[in-house]
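One structure below.
The values are calculated or read from the model by the stated rules, or taken from the named source; none is laboratory data. What you are looking at is a predicted structure, and each value in this text was computed from that prediction instead of being measured. All Cβ positions, glycine included, derive from the backbone under ideal geometry; neighbour counts span all protein chains shown. Quick note on the areas: whole protein, heavy atoms, side chains included, nothing else; ligands and nucleic acids left out. Shrake-Rupley method; radii C 1.70, N 1.55, O 1.52, S 1.80 Å.
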Amino acid sequence: MTAALSPSDLSLGAPVPDWTPPTRPSRSALAGRFARLEPLSLAQADGLFEAYAADREGRLWTYLSIGPFETLEAYRDWVAGAAGSEDPLFFAVLVEGRPLGVLSYLRINPEAGSIEVGWITLSPALQRTPAATEIQYLMMRWAFEAGYRRYEWKCNALNAASRRAAQRFGFSFEGVHRQAQVSKGRNRDTAWYAVIDREWPALKIAFETWLGPENFDADGRQKAALRTLTAPLLVSQG
């Protein structure tokens, strides 16, 4: 007969003293040097649709559960619904006042101190620009300053570009959930990445070093790559 284990025999996680769940994100703008994030609204739909039209092959929508949108009316209908959502909580990316992309907080779980960034849909004009990096910094900074312990990034395991981006932004690989979803009639295995609160101070320095004016030459080219700054901070890669 096996004796019952006492509490002192059990291995438990580290204490989290004085834990207070953080607040949920609000519909407030986040401003940086290169870009501004504003709550998604129907007023931005026309500009976003125009910006996305430069992606003539519809590659932006390959790994998303929505799109591509054939007409402005169809996209306006989607924006009208998304703008009222609390989770995901959508933001439009504005550069010099022009809407060029969308992203969101989602799977918002203050009780666990966990929040995810996703629905990242950047127009060709926004991709590979300092603004595209800065918006990730702004979203992550808000989450950790609000008191979240865990900041997540998930993507289709076949989406190599998204997986590279996650690690460039300092997210550590945590594994693949097989057959996690059915999206557009196809299987989706989901790759999981995350940053946790104790990793944020060093990652914040890496972002701010990269975004600083001194990291760009007179032609706007980066001197130090963000990947070089964040790679030593990754717990695991994949």
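Name the strands (runs of 3 or more DSSP E) wholly inside region 136-238 in which the number of residues that are at pLDDT below 95 is 1 or more.
Result: 172-183.
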Filtering region 164-177 down to residues that are among the charged types (D, E, K, R) and under 25 Å from residue 67 (Cβ atoms), which residue is most open to solvent (accessible area, probe 1.4 Å)?
164
Starting from residues that are assigned to a strand (DSSP E or B) and touching a Pro at 6+ places or on another chain (Cβ under 6 Å), keep the ones in region 105-118 and report whichever is surrounded by the most Cβ atoms within 10 Å (Cβ to Cβ).
105
Could you list, in sequence order, the residues of region 196-211 that are loosely packed, with under 12 Cβ neighbours inside 10 Å and closer than 25 Å to residue 31 by Cβ?
201
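Select from region 17-59 the residues that are outside any loop (DSSP other than H, G, I, E, B), open to solvent by 90 Å² or more (accessible area, probe 1.4 Å) and in contact (Cβ under 8 Å) with a residue 40 or more places away in the chain and list them in ascending order.
Going residue by residue through region 17-59, those that are outside any loop (DSSP other than H, G, I, E, B) are 30-31, 36-39, 42-52, 59.
Among the residues that remain, those that are also open to solvent by 90 Å² or more (accessible area, probe 1.4 Å) are: 36, 43, 50, 59.
The one that is outside any loop (DSSP other than H, G, I, E, B), open to solvent by 90 Å² or more (accessible area, probe 1.4 Å) and in contact (Cβ under 8 Å) with a residue 40 or more places away in the chain: 36.
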Starting from region 62-74, keep only residues that are closer than 16 Å to residue 159 by Cβ and at pLDDT 95 or above, then list their pairs with residues that are assigned to a loop (DSSP other than H, G, I, E, B) and polar (S, T, N, Q) whose Cβ atoms are within a distance under 8 Å, requiring at least 6 positions of separation or different chains.
62/159; 63/159
Take residue 112 and decide whether it is under 26 Å from residue 163 (Cα atoms) and more than 15 Å from the chain's Cα centre (by Cα).
yes
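Looking at 218, 161, 225, can you tell me which residue is open to solvent by 70 Å² or more (accessible area, probe 1.4 Å) and either farther than 18 Å from residue 117 by Cα or free of Cβ contacts under 8 Å to residues at least 12 places away in the same chain (or both)? Please lay out each step first, then the result.
Values: 161 fails: open to solvent by 70 Å² or more (accessible area, probe 1.4 Å); 225 fails: open to solvent by 70 Å² or more (accessible area, probe 1.4 Å).
One residue alone meets the criteria, 218.
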